[in-house]
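**Q** Have a look at this one before I ask anything.
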Amino acid sequence: MITKCDHPGCTKAGTCRAPKNRDLREYWHFCQKHAAEYNKNWNYYANMTPQEIEEDWERQTFGAPLKDTKTANANEAEYVQFLNDFITGRSRFDHAPKPSKLGTNITNAFRALDLPITATWREVGAKYRALAKKHHPDTAENKESATTEFTKITNAYNTLKQYFNK
Ligand SMILES: [Zn+2]
């Protein structure tokens, strides 16, 4: 028995299968032309929340959502994050580059501000403001050591400012 194309009004044979939904259990039967049209417009991620999309990517990449598997290494996690961001269109403007690419002056600058090298620009700014207030020569008891410290954190801040392209 030949099934007719499921496209309304089409009388051709429905020789191509197209999934009705993500479960991939039910299919439409279309002629070639309507199958191509349907596949082009079909959005796998329609009606999914960003959270569900992330979990779906993680499931496809690791076999389980990342929150369930701690074994995924950082590179894979970063790659999955990239894919997630690509799909959901989220920006990564505040994401710090990979630690392995950091020069000594950069790691020293993070250390001077007592921050991990994974800190974001926002965290750098907040920490600098707090430290600058604490070590400001105008208000410190020991002006000499405060000046030394203030210069150190300001240099570190300026180094990181360049590093984050701010
Ligand atoms: Zn058709």
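**Q** Select from the range 141-153 the residues that are free of Cβ contacts under 8 Å to residues at least 24 places away in the same chain and in a helix (DSSP H, G or I) and list them in ascending order.
**A** K143, E144, S145, A146, T147, T148, E149, F150, T151
**Q** With the structure loaded, tell me whether V80 is modelled with pLDDT of 85 or more and crowded, with 16+ Cβ neighbours inside 10 Å or whether it fails that test.
**A** In short, no.
**Q** Give the range 26-58 a look and list any residue that's at pLDDT below 70, part of a loop (DSSP other than H, G, I, E, B) and away from the ligand (no atom under 16 Å from the Cβ), or say none.
**A** Result: N43, Y44, Y45, A46, N47, M48.
**Q** Of the residues that sit in the range 101-140 and are part of a loop (DSSP other than H, G, I, E, B) and hydrophobic (A, V, I, L, M, F, W, C), which one is nearest to the chain's Cα centre (by Cα)?
**A** So, considering only residues that are part of a loop (DSSP other than H, G, I, E, B) and hydrophobic (A, V, I, L, M, F, W, C), the one nearest to the chain's Cα centre (by Cα) is A119.
**Q** Further question on the same structure: Being at pLDDT 90 or above and surrounded by 14 or more Cβ atoms within 10 Å (Cβ to Cβ) is true for just one of T147, T159, T120, T61. Which residue is that?
**A** Exactly one of T147, T159, T120, T61 is at pLDDT 90 or above and surrounded by 14 or more Cβ atoms within 10 Å (Cβ to Cβ), namely T159.
**Q** Also: Out of the residues in the range 5-19 that are surrounded by 13 or more Cβ atoms within 10 Å (Cβ to Cβ) and over 15 Å from N39 (Cβ atoms), which is farthest from the ligand (Cβ to nearest atom)?
**A** Taking the candidates together, the pick is A13.
The values are calculated or read from the model by the stated rules, or taken from the named source; none is laboratory data. Please read these numbers as outputs of a predicted model, since none were measured by experiment. Cβ atoms come from the backbone with ideal geometry, glycine included; neighbour counts cover every protein chain shown.
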